[in-house]
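Worksheet: the structure to be examined is printed underneath.
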Amino acid sequence: MTAASLLALLSAGGALAQDSSDPVRLTLHDWTGQLITTQLMGSVLQKAGLTVEYVQADYLAQFAGLETGDLHIAMEIWETTGREAMDAATATGNVVNLGPTGMQAKEEWWYPAYMVEQCPGLPDWEALKEAACAEAFATAETAPKGRYLGGPVTWGGFDEERIEALDLPFEVIHAGTDAALFAELESAIQREAPVLLWVYAPHWAPAKFEGDWVAFPEYTAECYTDPAWGINPDAAYDCGKPFGDIWKVVWSGLAEKWPKAAAAVEAFSIDNDEMGAMITEVDLNGASVESVVAGWMEQNEARWSGWID
């Protein structure tokens, strides 16, 4: 089923159908913003009278469960890292893209401003090819290569492939969790220690700290699929990550079994500023995801109630 046919089903009277009493399963991952987005959606569905179940799932591997109908809703598929897996899943006809969340994704290599003194060519990616620059980012674990702190392996991102394609004297070390990634960033900045790492937006870090993203060759779809494209004629991934939307995807049977849920997911929209403020409350101010979600629900009743009317 395509997104168009799913929405046609809703507009043709699906909203009059009886929603199943079975639980709607929403996937949870390992970063704060996604936990907030998903529990916002879950809270809205509960207000609509539906039973909700949250299922911890790997970001990319979750598509297998969405295709079989064991999982039903994934609220954050990032253009930057999830596009290929999403397109493969929707091509089966068993998964439907219900459109953008309203948030714009940016994920890329990021460095604090004080590192420009040691690597003066930044943000141009070619500065990273200089031995002195790589050494400035090196650790005992990676020397003489520079250290790039990537996200958890489950996030994808093709950073190892990017390093090879662009012939960068760097080694990827993956953070175990989202929390560990940003704990290391905070520690490094407090000490003005060298650090080059995966930073994404919407998030509090690029707003709180002075720094910049590395400017790699601009992404195109051909960069990831055609080795002949780009500056390295023998390798794909010789460019930066894509930027763009964060998507909502669902099992294709959602609209028939839970028409209220499909309509609400399709209507859901939130922007980077709203999400960034909520992530800040959790990650920096110590609030729980549940309390932040409850606060948003209380302050935005007129808005979310329109998603389920």
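We did not get these values from a lab; they are worked out from the coordinates using the rules stated. All figures in this text were calculated on a predicted structure; none of them were measured in a lab. Note: ideal-geometry Cβ built from the backbone for every residue, glycine included; neighbour counts use all protein chains shown.
In terms of the mean number of neighbouring beta-carbon atoms within 10 Å, the peptides 167-180, 260-273 order highest first as 260-273, 167-180. Helical runs (DSSP H, four residues minimum) scored at -39500 (n - 2.57) apiece and divided by the length of the chain put the mean residue ellipticity at 222 nm at -11500 deg cm²/dmol. Shape class of the chain from the Cα gyration tensor (axes a ≥ b ≥ c, square roots of the eigenvalues): prolate, since a/c reaches 1.5 or more and a/b is larger than b/c.
By Kyte-Doolittle mean hydropathy of at least 0.0 and Cα axial length of at least 18 Å, which whole DSSP H helices of the chain are selected? Span-like helices here: 32-47, 178-191. Take the Cβ atoms of Glu184 and Gln46, set R0 to 35 Å, and the FRET efficiency comes out at 0.45.
Going from the residue with the fewest nearby Cβ atoms within 10 Å to the one with the most, Arg303, Arg162, Arg83 rank Arg303, Arg83, Arg162. Ordering Phe137, Phe216 by the number of other Cβ atoms within 10 Å of each residue's own Cβ, fewest first, gives Phe216, Phe137.
For the cross-link pairs Lys208/Lys241; Lys106/Lys129; Lys145/Lys208; Lys129/Lys208; Lys47/Lys106, the ones whose C-alpha atoms lie over 25 Å apart are Lys145/Lys208; Lys129/Lys208; Lys47/Lys106. What does the C-alpha gyration tensor say about the overall shape of region 106-225? Classify as rounded when a/c is under 1.5, otherwise prolate if a/b is larger than b/c, or oblate. Rounded shape, in that the Cα axes give a/c under 1.5. The mean sequence separation of alpha-carbon pairs under 8 Å and at least six residues apart, normalised by the residue count of the chain, gives a relative contact order of 28 percent.
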